[in-house]
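Structure record follows, encoded as structure tokens.
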Amino acid sequence: MPAAQAEPFLRIEGVSKKFGSFTAVSDVSLTVEKGEIFALLGGSGCGKTTLLRMLAGFEDLSAGRIFLDGKDMAGVPPWLRPVHMMFQSYALFPHMTVETNIAYGLKHEPISKAAKQDRVREMLDLVQLTQFAARKPHQISGGQRQRVALARALARQPKLLLLDEPLAALDKKLREHTQFELMSIQQRTGVTFMVVTHDQEEAMTLADRIAVMDKGQVKQVGTPTDIYEFPNSRFVAGFIGSITSFEASVKGRDGDHLVLDVPALGAVQARDVPGLVEGQAVTLALRPEKLRITKNRPDATNVVEGQVKDLAYFGKDSLYRITLPSGELVQAHAVNANRGEDAARADWDDRVFLSFDPASAIVLAE
């Protein structure tokens, strides 16, 4: 992740956008460092694409200010901003070749014809499409079309590249491969990327930092680890990854651990959260991969007995749905480390024990 600077490369201050009585973006403030891949993550209608369009200059701000590389963007039209936006559809010209599609981005650049040709060759090499330069978009794959659109955007040498759902049109396997290609190209160019996506795995893989958005507001900003391991609210915990939540209340503290009274589980020890007081209502959240499944009762701090209701085998791991004595269902993942039959592995209807470390229990007050 790039080192922080005294003045952020991109500074968004109290930005809002209204369409009539509807508020699409509400008082958003963010900073992005130079050379960072920053993701705006959220569901449909959360305001992430509207915010991206305001950065590009395609939408006016209802309130707030945007500073890019120390310059206020107020009144600066899209074509004069050192910003390029790569659309989800890629917007390639079907009648042009790969090479001329990339060159089109330089049509109005004040550089010589020779310099434009050199830039296009450099971009073709960067995205590894030199051998496809003479082909039309319909003659190359979806992943290659995505790279053509990226090359066209980078040819203008923007300070900030905005990517709106850049991998949404690709199938799962190609999307996973292209994620690493994007990261490699960004590292080689040093251009700051801001990526809009609804795909949490995509955001976690690509981004140095993520802003989780809901209903036009930023709910949490942090590294993928921060967002996943230390969510600040029930919404963020539920939006990022799978989770099982339980109503609970603070019973007290035992050394460095918080002791919770959880009706569905009994007394549970969790990592402490400063500021919580005895008797306060909270939510206990558990990630499926943090739960250990055993047939024999383990020597652990937090243990609960249950019965396997459902089992899904995915090859590398299995997903269990466990019914607790309270009647609640808990999801748990188990890695299939051994090939073939495993006598120690739980099966349908087995009585099992779930255990988890206090450090892996997430306690949420909001």
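Counting residues that are without any contact (Cβ under 8 Å) to a residue 40 or more places away in the chain, which strands (runs of 3 or more DSSP E) fully inside the range 187-284 reach at least 2?
217-222, 244-254, 257-262, 266-271
In this structure, does residue 59 turn out to be among the charged types (D, E, K, R) and either under 20 Å from the mean Cα position of the chain (by Cα) or exposed (fewer than 13 other Cβ atoms within 10 Å of the Cβ) (or both)?
no
So if I check each of 310, 349, which one is surrounded by fewer than 13 Cβ atoms within 10 Å (Cβ to Cβ) and assigned to a loop (DSSP other than H, G, I, E, B)?
Just one listed residue meets the conditions, 349.
Could we say that residue 330 is among the aliphatic types (A, V, I, L, M) and more than 16 Å from residue 359 (Cα to Cα) here?
For residue 330, the condition - among the aliphatic types (A, V, I, L, M) and more than 16 Å from residue 359 (Cα to Cα) - is met.
Is it true that some residue in the range 71-89 is of a type outside the set (A, V, I, L, M), more than 18 Å from residue 191 (Cβ to Cβ) and within 24 Å of the chain's Cα centre (by Cα)?
Taking every residue of the range 71-89 in turn, at least one turns out to be of a type outside the set (A, V, I, L, M), more than 18 Å from residue 191 (Cβ to Cβ) and within 24 Å of the chain's Cα centre (by Cα).
Would you say residue 244 is within 32 Å of the chain's Cα centre (by Cα) and closer than 15 Å to residue 355 by Cβ?
It is true that residue 244 is within 32 Å of the chain's Cα centre (by Cα) and closer than 15 Å to residue 355 by Cβ.
Of the conditions (1) modelled with pLDDT of 95 or more; (2) more than 29 Å from residue 145 (Cβ to Cβ), residue 10 satisfies every one except a single condition; which number is it?
The one condition residue 10 does not meet is (2).
Go through the residues of the range 247-267 one by one and say whether even a single one is polar (S, T, N, Q) and buried (at least 16 other Cβ atoms within 10 Å of the Cβ).
Taking every residue of the range 247-267 in turn, none turns out to be polar (S, T, N, Q) and buried (at least 16 other Cβ atoms within 10 Å of the Cβ).
Applying the selection to the range 128-174, what residues are of a type in the set (D, E, K, R) and assigned to a helix (DSSP H, G or I)?
Listed by number, the residues that qualify are 145, 147, 152, 172, 173.
In the list 243, 227, 322, 293, which residue meets the criterion of being buried (at least 16 other Cβ atoms within 10 Å of the Cβ), closer than 30 Å to residue 28 by Cα, β-branched (Val, Ile, Thr) and out of contact with any helix residue (DSSP H, G or I) (no Cβ under 6 Å at 6 or more places or on another chain)?
Matching residue, one of 243, 227, 322, 293: 227.
Here is a yes/no grid of residues against (1) more than 18 Å from the chain's Cα centre (by Cα); (2) in the same structural domain as residue 82 (by TED's automatic domain parsing); (3) small (Gly, Ala, Ser); (4) surrounded by fewer than 22 Cβ atoms within 10 Å (Cβ to Cβ):
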{"site": "115", "(1), (2), (3), (4)": "yes, yes, yes, yes"}
{"site": "123", "(1), (2), (3), (4)": "yes, yes, no, no"}
{"site": "159", "(1), (2), (3), (4)": "yes, yes, no, yes"}
{"site": "183", "(1), (2), (3), (4)": "no, yes, no, yes"}
{"site": "212", "(1), (2), (3), (4)": "no, yes, no, no"}
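The values are calculated or read from the model by the stated rules, or taken from the named source; none is laboratory data. It should be emphasised that the depicted structure is a prediction, and the values quoted were computed from it without experimental measurement. Every residue, glycine among them, receives a Cβ derived from its backbone with ideal geometry; neighbour counts consider all protein chains shown.
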